[in-house]
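*Asks:* Have a look at the structure that comes next, please.
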Protein chains: 2
Amino acid sequence: MKKSATIYDISEKLNISAATVSRALNNHPKISIKTKELVLATAKELNYKQNTLAQALKSGKTNNVGIIVPYINSNFFSSVIRGIEEELSLHGYHVIICQSHEDVDLERKQLNTLLNAQVDGIFMSVSKTTQDISHIEAAKESNIPIIFFDRKKDIKGTSTVTIDDYKAGFEATEHLIKQGCKKICHLSGDLRLEIYQNRYKGYVDALRENNLRVRKDFIIPIESSIQGGVDAINALWSLPIQPDGIFSASDYAALGACQQLKKQKINIPNDVAIIGFSNEPFTQYMELPISSIDQTPDIMGKISAQVFLEYMNENFSGITIEKKVVLKPKIYIRKSSKRK
Amino acid sequence: MKKSATIYDISEKLNISAATVSRALNNHPKISIKTKELVLATAKELNYKQNTLAQALKSGKTNNVGIIVPYINSNFFSSVIRGIEEELSLHGYHVIICQSHEDVDLERKQLNTLLNAQVDGIFMSVSKTTQDISHIEAAKESNIPIIFFDRKKDIKGTSTVTIDDYKAGFEATEHLIKQGCKKICHLSGDLRLEIYQNRYKGYVDALRENNLRVRKDFIIPIESSIQGGVDAINALWSLPIQPDGIFSASDYAALGACQQLKKQKINIPNDVAIIGFSNEPFTQYMELPISSIDQTPDIMGKISAQVFLEYMNENFSGITIEKKVVLKPKIYIRKSSKRK
């Protein structure tokens, strides 16, 4: 193992105390700019590398932040992560990513992993199975900012960046109504999660405001997968009455529904109009492009990062921040739901 | 901040020395099973939590591993990561993920972040810009296993898990030849990366073995994006001769090529047959499903994890492992290239 220079090598070379070298390297206000410059130049010359962790234990900062998401293989989560990284890299932060795979036990362990890695902040979107939030409350005691994005929990002292899922559900449903749909069904996500609850509520209220009946058998809980959409169509087409519009809380399920309806020679959008959710890139690639709701994940990531940076600035003056940012969803109307 | 129990609280309660408590918690062979059980039960009762990092500094193990990939938003990389996680979670390891965004400077920093977080091993797929490998060689000095997957570097003492990209390029090209294509072009990736070099060599050799001319102007370097494919078609259709087959090193570029050819009313696969690379899920969703090469990322992940576990076992007996695993690519023939 190649021996790297220590602060003692710098101190010897410059004939100043190791304590002064250490203070200079850590930008201590008591050290003159001239000495700092001299120390930095010598450190560079001797190829001195600060041990980040040792440095962190001293300064309390690693310039690393952690992100916990249910999974990385969706355009939504990977785009939020990208947004956070782009914003934070400008400020010298690096990002460590963990997946919970929708498992609260794994989420708890990943949170501990990040805390033990001495991250300066944690961004998270909780798993479906996260009912007990004691691990997040315990993490708060580490006095580092916790910022929820999309899938949040209301915990005092934490910040949240979400989109208005209620409005998104309302607008998607209203769009179908304006296309002439009267029997609109909803392929709903896991209603234990607030985001899916809100999309569902938006759907119900849009129907009610337009004097359309809310049918219980038209609310189908699905997995966010192609198969989920196929199964939903099979379930719906075994009912006495079939829908003429589908608002799916998942683009993948919307795609599965499209595939299954085409197999049955049902015309989209004229017999059944369809709108999905998340604006996954494939929705536009299709020969029958699928309407969808964009959650502006890049903006969500950037704003989450900005909330973190605010916290880092304010923290020095002892102020606690608790910020709630709600973004506006963007609706993209494509062939799958455009009748005229 | 709630004060948690320390080993001194346990030692006081049981009236044994703190050193004994510490040894019992760390499963020291000199401590009897009876004492270990007693200490663990008391630790649980008093809600004692070991500081993982402090524990790691002692045992040299954190049970965390790090993964560095160019980006997470491709099915290939997220599937390899999933494979690694699935295999390692059975052995109590957690996974931390970092993105290099194809930037060697960022890759260097992420590598340091992981080393400072005291990970037990590193899995990596290098960035396009990684020519200088001194940061990886330096990381080797930490004496933790480094396992490359897909995009490897040949560094003594590290292991690699790759697929046979040469064979994949050869088979894809040969398939197009068997469909009757005589003027096959190649949309190539960044040839600084070995994987793209090998796909390119496979393409060239398949043409030569079948007595077909290798045309320089039929080798188009592209970005792995839809636009990359669109641009390639525009470039090719401004040449005096056009291809009747396309082997793209990227599924996204294959998709862009399909879209642009359709716009020009060129029939796929009869006028131009197309095959992509990576078997991204969207290739099968399309109304015109795209042929592709599957890199078996799940298996690549699992085997990478197994190589790591072997290393962890062998390490105790002082043996160094250097393993080179090469997986077989799987070709999926779909409508975009199937003429009969």
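The values are calculated or read from the model by the stated rules, or taken from the named source; none is laboratory data. All figures in this text were calculated on a predicted structure; none of them were measured in a lab. No Cβ is skipped: glycine too gets one built from the backbone with ideal geometry, and neighbour counts run over all protein chains shown. Please note that ligands, DNA and RNA were not included when accessible areas were found on the heavy atoms of the full protein model with its side chains. Shrake-Rupley method; radii C 1.70, N 1.55, O 1.52, S 1.80 Å.
*Asks:* Could you go through region B:192-200 in sequence order and give the Karplus-derived ³J(HN,Hα) for each residue, using 6.51 cos²θ - 1.76 cosθ + 1.60 with θ = phi - 60°, rounded to whole Hz, and x for Gly and Pro?
*Replies:* Karplus-based 3J(HN,Hα) across region B:192-200 equals 5, 8, 4, 4, 6, 4, 5, 5, 4 Hz.
*Asks:* What net charge do the residues around B:P145 carry, taking every other residue with its C-beta under 11 Å from that of B:P145, with Lys and Arg at +1 and Asp and Glu at -1? The partial results should precede the final answer.
*Replies:* On the way: positive: B:K140, B:K323; negative: B:D120, B:E310, B:E314, B:E322.
Within the 11 Å Cβ shell, the charges total -2.
*Asks:* Next question. Amide H of B:I219: which non-local residues (sequence gap of 5 or more, or other chain) have their own amide H closer than 5 Å, using H built in the peptide plane?
*Replies:* Under 5 Å from the amide H of B:I219: B:H186.
*Asks:* Follow-up question, since we're still on this one. Quick one: which residues, 5+ away or cross-chain, put their amide H under 5 Å from the amide H of B:I163? H built at 1.01 Å from N.
*Replies:* Under 5 Å from the amide H of B:I163 lie the amide H atoms of B:D150, B:L327, each far enough along the sequence or on another chain.
*Asks:* In region B:250-279, which trypsin sites (Lys or Arg not before Pro) are in a loop and have at most 12 other Cβ atoms within 10 Å, using DSSP for the loop call? Spell out each step's value before the answer.
*Replies:* Values: sites: B:K262, B:K263, B:K265; in loops: B:K265.
In loop regions of region B:250-279 (DSSP not H, G, I, E or B), the sparsely surrounded trypsin sites (Lys or Arg not before Pro) are B:K265.
*Asks:* Give the average, rounded to an integer, of partner chain Cβ atoms located within 10 angstrom of each Cβ in A:114-120. Intermediate results must be reported in sequence, preceding the final value.
*Replies:* Numbers: counts 4, 3, 10, 12, 3, 2, 0.
That works out to 5 on average.
*Asks:* How big is D for region A:165-295, in µm² s⁻¹ as a whole number, if Stokes-Einstein is applied with the Kirkwood radius of its Cα pairs at 4 °C and 1.567 mPa s?
*Replies:* Numbers: Rh = 14.1 Å.
Diffusion coefficient, whole number: 92 µm²/s.
*Asks:* Over chain B, what is the relative contact order in percent, taking alpha-carbon pairs closer than 8 angstrom and at least six residues apart? Don't skip to the end; give the middle numbers.
*Replies:* Details: 619 pairs, mean separation 57.1, N = 340.
So the answer I get is 17 percent.
*Asks:* Okay, next question. Give me, ordered by chain and number, the residues 5 or more places off A:L288 or on other chains with an amide H under 5 Å from its own placed amide H.
*Replies:* none
*Asks:* So what is the 222 nm mean residue ellipticity for chain B from helices alone, if each DSSP H run of at least 4 adds -39500 (n - 2.57) and you divide by all residues, rounding to the nearest 500 deg cm²/dmol?
*Replies:* Numbers: 13 runs with 149 residues, N = 340.
Calculated from helices alone, the mean residue ellipticity at 222 nm is -13500 deg cm²/dmol.
*Asks:* Just A:L14, A:L288, A:L114 to compare: in a GNM of chain A, with alpha carbon springs under 10 Å, which one fluctuates most?
*Replies:* So, out of A:L14, A:L288, A:L114, the one fluctuating most is A:L14.
*Asks:* Just to verify a number: FRET efficiency for B:D190 and A:D217, C-beta to C-beta distance, R0 = 41 Å, to 0.05? Intermediate results must be reported in sequence, preceding the final value.
*Replies:* Values: r = 53 Å, r/R0 = 1.29.
Approximately 0.20, to the nearest 0.05.
*Asks:* Taking only Cα atoms, what is the 0 to 90° angle, nearest 10, from helix A:165-178's long axis to the longest principal axis of chain A?
*Replies:* The angle comes out near 30 degrees.
*Asks:* Pull up the DSSP beta bridges for the protein assembly as shown and report the antiparallel fraction as a percent, rounded to 5. Intermediate results must be reported in sequence, preceding the final value.
*Replies:* Working: 7 of 68 bridges.
Antiparallel bridges make up about 10 percent of those DSSP assigns within the protein assembly as shown.
*Asks:* Enumerate the calculated ³J(HN,Hα) couplings along region B:124-141 in order (Karplus 6.51 cos²θ - 1.76 cosθ + 1.60, θ = phi - 60°), each rounded to whole Hz, writing x wherever the residue is Gly or Pro.
*Replies:* Listing the rounded values in order: 8, 10, 6, 6, 4, 8, 7, 9, 6, 10, 4, 5, 6, 4, 5, 5, 4, 5 Hz.
*Asks:* Let me ask something additional. Quick one: accessible area per residue over region B:136-183, 1.4 Å probe, rounded to a whole number of Å²? Don't jump to the answer; show the numbers that get you there.
*Replies:* Working: 1770 Å² over 48 residues.
Ligands and nucleic acids excluded, the result is 37 Å² per residue.
*Asks:* Next question, about the same structure. Along region B:86-97, what does the Karplus equation 6.51 cos²θ - 1.76 cosθ + 1.60 (θ = phi - 60°) give for ³J(HN,Hα), rounded to whole Hz, x for Gly and Pro?
*Replies:* Karplus values, whole Hz, x for Gly and Pro: 4, 5, 6, 5, 5, 10, x, 9, 10, 10, 10, 10.
*Asks:* For chain A, modelled as a GNM with alpha-carbon contacts under 10 angstrom, which of A:P281, A:P70, A:P269 fluctuates the most?
*Replies:* In this elastic network of chain A, the residue with the biggest mean-square fluctuation among A:P281, A:P70, A:P269 is A:P281.
*Asks:* Moving on. Can you give the convex hull volume per residue for the Cα atoms of the protein assembly as shown, as a whole number of Å³?
*Replies:* On the way: hull volume 137.3 nm³, N = 680.
Spelled out: Cα convex hull of the protein assembly as shown, divided by residues, is 202 Å³.
*Asks:* With every protein chain kept in the model, how would you rank B:Y48, B:Y166 by accessible area, 1.4 Å probe, largest at the top?
*Replies:* Values: B:Y48 50, B:Y166 80 Å².
Of B:Y48, B:Y166, the descending order of accessible area is B:Y166, B:Y48.
*Asks:* By how many degrees, between 0 and 90 and to the nearest 10, does the Cα long axis of helix B:226-236 differ from the longest principal axis of chain B?
*Replies:* 30 degrees
*Asks:* Across the residues of B:255-265, average count of Cβ atoms on other protein chains within 10 Å? Before the final figure, lay out the partial values.
*Replies:* Numbers: counts 2, 1, 0, 1, 2, 0, 0, 1, 0, 0, 0.
The mean count of partner-chain Cβ atoms within 10 Å per residue comes to 1.
*Asks:* Hey, another quick one. Can you put A:E12, A:E322, A:E194, A:E85 in order of accessible area, largest first, using a 1.4 Å probe?
*Replies:* Numbers: A:E12 145, A:E322 100, A:E194 75, A:E85 15 Å².
Reading off the accessible areas and sorting them downward yields A:E12, A:E322, A:E194, A:E85.
*Asks:* From Cα pairs below 8 angstrom and at least 6 apart in sequence, can you work out the relative contact order of region B:150-237, rounded to a whole percent?
*Replies:* Details: 94 pairs, mean separation 27.4, N = 88.
Rounded, it is 31 percent for region B:150-237.
*Asks:* Taking only Cα atoms of chain A, what ratio of Rg to Rh do you get with Rh as the Kirkwood inverse-distance radius? Mind dumping the intermediate values first?
*Replies:* On the way: Rg = 25.8 Å, Rh = 22.6 Å.
My calculation of the ratio gives 1.14.
*Asks:* If B:K128, B:K167 are ordered by their accessible area, calculated over protein heavy atoms with a 1.4 Å probe, which sequence runs from highest to lowest? Mind dumping the intermediate values first?
*Replies:* Numbers: B:K128 45, B:K167 70 Å².
Solvent-accessible surface, decreasing: B:K167, B:K128.
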